[in-house]
1. Is it the case, given these coordinates, that Ile151 is at pLDDT below 80, under 21 Å from the mean Cα position of the chain (by Cα), surrounded by 15 or more Cβ atoms within 10 Å (Cβ to Cβ) and under 24 Å from Asp17 (Cβ atoms)?
2. Report, by residue number, each residue of region 55-70 that is free of Cβ contacts under 8 Å to residues at least 60 places away in the same chain and touching a helix residue (DSSP H, G or I) at 6+ places or on another chain (Cβ under 8 Å).
3. Among the residues of region 86-120, how many are among the charged types (D, E, K, R), under 16 Å from the mean Cα position of the chain (by Cα) and surrounded by 14 or more Cβ atoms within 10 Å (Cβ to Cβ)?
4. Out of Leu143, Leu80, which single residue is under 17 Å from Ile37 (Cβ atoms) and either out of contact with any Pro (no Cβ under 7 Å at 6 or more places or on another chain) or surrounded by 15 or more Cβ atoms within 10 Å (Cβ to Cβ) (or both)?
5. Whether any residue in region 61-81 is assigned by TED's automatic domain parsing to the domain that holds Ile122, of a type outside the set (Gly, Ala, Ser) and within 16 Å of ligand 2 (Cβ to nearest atom) is what I want to check.
6. Take the residues of region 54-90 that are of a type in the set (S, T, N, Q) and within 20 Å of Tyr41 (Cα to Cα): which is farthest from ligand 1 (Cβ to nearest atom)?
7. Checking the conditions here, which among Pro46, Pro114 is away from ligand 3 (no atom under 11 Å from the Cβ) and within 21 Å of Lys161 (Cβ to Cβ)?
Amino acid sequence: MAYRVLSRRYRPKVFEDLLGQPHVTRTLSNAIAEDRIGHAYLFTGPRGVGKTTAARLLAKALNCSKGPTVTPCNNCSSCLEIDESRSMDVYEIDGASNTGVDNIREIKNNVQYPPSRDRYKIYIIDEVHMLSQGAFNALLKTLEEPPEHVIFIFATTEPQKVPLTIQSRCQRFDFRKLRNSMILQSIAAIADKEGITIDDESKLHLWQGRLTQEVTIQKGLSKSSFHLFAIFICSACRWTSL
Ligand SMILES: Nc1ncnc2c1ncn2[C@@H]1O[C@H](COP(=O)(O)OP(=O)(O)O)[C@@H](O)[C@H]1O
Ligand SMILES: [Mg+2]
Ligand SMILES: [Zn+2]
């Protein structure tokens with residue numbers, strides 16, 4: 001089975017599955033339940049703590065055909081397409097490779113049109129701190145008067161590089177570093193389901209994406225733990241290019 005398919009299987013499917021970020025999941029769940037959805041969110045925190053996952057969960061919660069709902073069905077076309085990063089109404093943009101003012105202008109032109117099928121047009125911009133000054137300026141105009149149907153979710157590992165003018169127009173959520181015990185537990189659950197035996201140290205390496213083929217050989221890990229590693233690399237991968 002393709003690693004990508006496996007990695008999707010173990011992604012958090014509902015807010016409850018997102019570990020160690022109760023302040024985020026609680027506030028977002030309440031906002032959805034009470035129909036108080038903001039137009040711009042800023043998710044900050046280190047790599048691999050659930051920023052992209054939370055962004056996709058929010059997108060599904062809002063655009064699920066049975067929604068808006070705190071518990072997206074994960075079964076309708078909208079949910080499935082968001083899982084596979086191919087929704088017509090949810091754009092996943094890598095801020096690191098779309099840094100220019102032209103990239104943002106394209107978004108600006110696009111936001112005026114209604115969503116093609118779902119409730120909202122959602123722009124998830126990862127590593128948003130990489131945008132150029134010109135791009136931020138262009139974005140600011142849209143953030144000042146966002147169309148009703150548009151939601152921006154920015155994610156960044158370096159919030160201090162995001163201009164204050166942008167930050168002040170976003171609802172900010174600081175994702176926390178996950179405790180090791182939590183990571184070990186979550187990997188143990190996956191390893192168990194996949195029928196893989198793996199030691200704790202390797203589990204932490206896995207999570208941090210540091211278990212290279214070399215390390216695997218050095219540590220004499222079995223082929224099956226490398227297989228698990230591949231699952232994680234893919235699940236941590238933001239884009240579906242793998
Ligand atoms: N808080 C979390 N709870 C459960 N799983 C998580 C969490 N954070 C990350 N993961 C796992 O790691 C993968 C990568 O997380 P991701 O959301 O892309 O991190 P980030 O965007 O913060 O770098 C997810 O697909 C998920 O399997
Ligand atoms: Mg991410
Ligand atoms: Zn759905």
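The values are calculated or read from the model by the stated rules, or taken from the named source; none is laboratory data. What you are looking at is a predicted structure, and each value in this text was computed from that prediction instead of being measured. Positions of Cβ are backbone-derived with ideal geometry, glycine not excepted, and every protein chain shown enters the neighbour counts.
1. no
2. Quick first cut of region 55-70, residues free of Cβ contacts under 8 Å to residues at least 60 places away in the same chain only: 57, 60-61, 63-70.
Listed by number, the residues that qualify are Leu57, Lys60, Ala61, Asn63, Cys64, Ser65, Gly67, Pro68, Thr69, Val70.
3. Of the residues in that region, 3 qualify.
4. One residue alone meets the criteria, Leu143.
5. There is no residue in region 61-81 that is assigned by TED's automatic domain parsing to the domain that holds Ile122, of a type outside the set (Gly, Ala, Ser) and within 16 Å of ligand 2 (Cβ to nearest atom).
6. In this case the residue turns out to be Thr69.
7. None of the others qualify; the one that does is Pro46.
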